[in-house]
Amino acid sequence: MILRGFRVVVDEKAISMDSSYRKELQCLLNGKALSLPQVFIRGKHIGGAEDVMLLQEGGEWEKSLEGCRKKECG
């Protein structure tokens, strides 16, 4: 919901539909426990839903989205 509120273009990967996505995510997380969703911005791992909420509450979320493509209104 936070991403939708900022109208950010999202590339969503369903790891249940393709095991290669799961392997890619596990590799990117360097063995950390896999919980979903996981958010990456411009290739940088941000974290899970709780991490995003903390960034939003701390006022840092909008700054982290600077330069990201946005959806048109409508």
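The values are calculated or read from the model by the stated rules, or taken from the named source; none is laboratory data. Everything quoted here is computed from the prediction, not taken from an experiment. Neighbour counts run over all protein chains shown; Cβ positions are idealised from the backbone, glycine included. With ligands, DNA and RNA removed, areas are computed over all heavy atoms of the protein, side chains included. Shrake-Rupley method; radii C 1.70, N 1.55, O 1.52, S 1.80 Å.
So the values come out like this:
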{"quantity": "Phi-based couplings in Hz for region 13-26 (Karplus 6.51, -1.76, 1.60; Gly and Pro marked x)", "calculated": "10, 8, 5, 6, 8, 8, 5, 5, 5, 4, 4, 4, 5, 4"}
{"quantity": "Net dipole in debye of the chain [+1 Lys, Arg Cβ; -1 Asp, Glu Cβ; about Cα centre; nearest 20]", "calculated": "220"}
{"quantity": "Candidate lysines for bridging to LYS32, where Cα separation is under 25 Å - those fewer than 8 sequence places away on the same chain excluded", "calculated": "LYS13, LYS23, LYS44"}
{"quantity": "Protection-proxy order for peptides 34-42, 48-56, each taking the mean of Cβ atoms within 10 Å per residue, highest first", "calculated": "48-56, 34-42"}
{"quantity": "Length added when fully stretched, CYS68-CYS27, from 0.36 nm per residue minus Cα-Cα", "calculated": "12.3 nm"}
{"quantity": "Accessible area of the chain belonging to carbon and sulfur atoms, whole % at 1.4 Å probe", "calculated": "51"}
{"quantity": "Amide H partners (placed H, <5 Å) of CYS68, local residues excluded", "calculated": "none"}
{"quantity": "CD proxy at 222 nm, helix term only [per DSSP H run n ≥ 4: -39500 (n - 2.57); per residue of the chain; nearest 500]", "calculated": "-9000 deg cm²/dmol"}
{"quantity": "The chain: relative contact order in percent, alpha carbon pairs under 8 Å with at least 6 residues between", "calculated": "35"}
{"quantity": "Correct option for Cα extents along the principal axes in Å [calculated from the coordinates] among [x] 80, 22, 21; [y] 34, 28, 19; [z] 45, 32, 19", "calculated": "[y]"}
